[in-house]
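The structure appears below as structure tokens.
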Amino acid sequence: MTSTQYVPQQPTATEAPTPAPEPQKERAGVSRRGLLGAAGAGLAGLAAGAAGGFALGSADTAPAPQASGTRTYPFYGAHQAGILTPVQDRLHFAAFDVITNSRAELVQLLKDWTAAAARMTLGLGAGEIGPTSGSYAAPPDDTGEAIGLPPAGLTITFGFGPTLFRKDGKSRFGLANRQPDALQRLPHFPADKLNPQKSDGDLCIQACADDPQVAVHAVRNLARIAFGRASLRWSQLGFGRTSSTSTSQATPRNLMGFKDGTMNLKAEDPAAVDEHVWVPPGADSKGRWLAGGSYLVVRRINMTIEIWDRQPLSEQERIIGRTKAEGAPLTGGSEFSQPDFVLKGSDGEPLMATDAHVRMVHPSNNGGAKMLRRGYNFVDGSDGLGRMDAGLFFLAFVRDPRTHFIPIQMKLGLGDGLSEYLQHTGSALFAIPPGIAQGEYVGQALFA
Ligand code: HEM
């Protein structure tokens, strides 16, 4: 009853081989504390010696080896994980308000979040003691719902909103002179119908995993750790990725039934990623700390699904500019062919409508700007009138929202055929600090 099972595992960006179950060990022999002591401060030891799933300190459940769930991605590196990482299937996104006025407490929160995130992405508990091993008289340092679950490819990506630096015109935490010029609240776009309770935030966490419970567990524990320092402002669950960030992934479909992510930036094209995703050194004198990071544009976009579903297939394809079956441009070819915006039909009209989504957002019509989209489908119940509260939780990483998002969205709001079926109900912009080195905490350069 008090035994744990160890499933050796290395953090790797590829699928770990299915581990052979090892004999169970007595908890008394290898406590979580004991193992941490042996591993020292660095998590490298943990990575090499720890188990997949909640092997440590989670007494009662031996994790069943699951080939698809044992995948892990490195937490430390030049860039944060969860950007170029092949998009996982599930999302829990959360935005926080910082409720302390103390810079030291904010820094300590970021340190605590970094330590917990590094552990959880390895499939370990959020704290060093574990969900069932600590004092009987104290709340556990992990909430426990991921006991027995493997890491499931969890990535945790942190971001800083404009209001972390300045709120109501006043500097916060002494950071106003370090706020990058590009980090401003997104403007009001035509036809926006934003819900303030699903918008903005001082901090954000994007948790992605192939198991929804693993993603929720991550955000829940980080929210618990933040108690007294930051409080959850809003959050969003996403199921079903709506893009690919690697050529190894098949193109998924959004809730309009179309392939989404075909022309997305892919990790296998590092030159394009460098050009369009990472903030270059010297981009902004106040934002030097952000070099190697990115900006995350967040838009909660509701679809009027019931109206869309009554449109003929021909109209649906005209609005997107691609075929529904294969996702090929209406101007011919196959899924990955480039559209031809000049080609005309026998009626003299362009084969790709002038207000087709794909025409409007194509880089050739937007000064060459590309973005790394990483969005998810969502359904948040229904409204009691037979309409689903559903749509696309749009997430895009860009090097500068002023060139790579704002003008494009302005154009879409005014003239995209698709916008008739959309309503933007949430909005936020975050600066995504560069990757974290072992022994550092997320955003450390901002506070240096
Ligand atoms: C619910 C809203 C949206 C839906 C259903 C949607 C759907 C699609 C579809 C089906 C494609 C074609 C496949 C592909 O290349 O990925 C596409 C492409 C694209 N979309 Fe959207 N989209 C939405 C919102 C947006 C927004 C808000 C933006 C940015 C402002 C955007 C930017 C793009 C870009 C940049 C492409 C790739 C264009 C290319 O390089 O050819 N989309 N979208």
Item to check | Matching residues in the range 239-248 - criterion: being open to solvent by 10 Å² or more (accessible area, probe 1.4 Å) and more than 12 Å from the ligand (Cβ to nearest atom) | outcome: Phe239, Gly240, Thr247, Ser248
Checklist outcome for this item: For the range 251-278 the number of residues that are away from the ligand (no atom under 13 Å from the Cβ), open to solvent by 10 Å² or more (accessible area, probe 1.4 Å) and either modelled with pLDDT under 95 or among the aliphatic types (A, V, I, L, M) (or both) is 2
Checklist entry - Among (1) of a type in the set (Gly, Ala, Ser); (2) within 30 Å of Tyr421 (Cα to Cα); (3) crowded, with 18+ Cβ neighbours inside 10 Å, where does Ala191 come up short? => result (3)
Item to check | Cβ pairs under 8 Å, 6+ apart, first in the range 342-366 and near the ligand (Cβ under 9 Å from one of its atoms), second among the small types (Gly, Ala, Ser) and outside any loop (DSSP other than H, G, I, E, B) | outcome: His357/Gly417; Met360/Gly415
Item to check | Members of the range 386-395 found to be of a type in the set (A, V, I, L, M), open to solvent by 10 Å² or more (accessible area, probe 1.4 Å) and within 20 Å of the chain's Cα centre (by Cα), listed by number | outcome: Leu392
Next on the checklist: Here is a check on your reading of the model: is Asp142 among the acidic types (Asp, Glu), outside any helix (DSSP H, G or I) and at pLDDT below 95?
Outcome noted: no
Checklist entry - Is it true that Arg224 is basic (Lys, Arg), part of a helix (DSSP H, G or I), open to solvent by 60 Å² or more (accessible area, probe 1.4 Å) and more than 13 Å from the ligand (Cβ to nearest atom)? => result yes
Item to check | Flag for Asn377 being under 29 Å from Arg90 (Cβ atoms) and either in contact (Cβ under 8 Å) with a residue 40 or more places away in the chain or in contact with a Lys or Arg (Cβ under 7 Å, 6 or more places away or on another chain) (or both) | outcome: yes
Checklist entry - Among the residues of the range 375-385, is any crowded, with 19+ Cβ neighbours inside 10 Å, within 22 Å of Leu265 (Cβ to Cβ), more than 9 Å from the ligand (Cβ to nearest atom) and under 17 Å from the mean Cα position of the chain (by Cα)? => result yes
Checklist entry - If we keep just the residues of the range 396-424 that are open to solvent by less than 20 Å² (accessible area, probe 1.4 Å) and of a type in the set (Val, Ile, Thr), which is nearest to the ligand (Cβ to nearest atom)? => result Ile408
Next on the checklist: Of the conditions (1) over 27 Å from Lys286 (Cβ atoms); (2) outside any loop (DSSP other than H, G, I, E, B); (3) of a type outside the set (Gly, Ala, Ser), Phe158 satisfies every one except a single condition; which number is it?
Outcome noted: (1)
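The values are calculated or read from the model by the stated rules, or taken from the named source; none is laboratory data. Computed from a prediction, not measured in an experiment: that's the story for all the values here. So basically every Cβ, Gly included, is an ideal-geometry build from the backbone, and we count neighbours across all protein chains shown. For accessibility, only protein heavy atoms count, side chains too; no ligands or nucleic acids. Shrake-Rupley method; radii C 1.70, N 1.55, O 1.52, S 1.80 Å.
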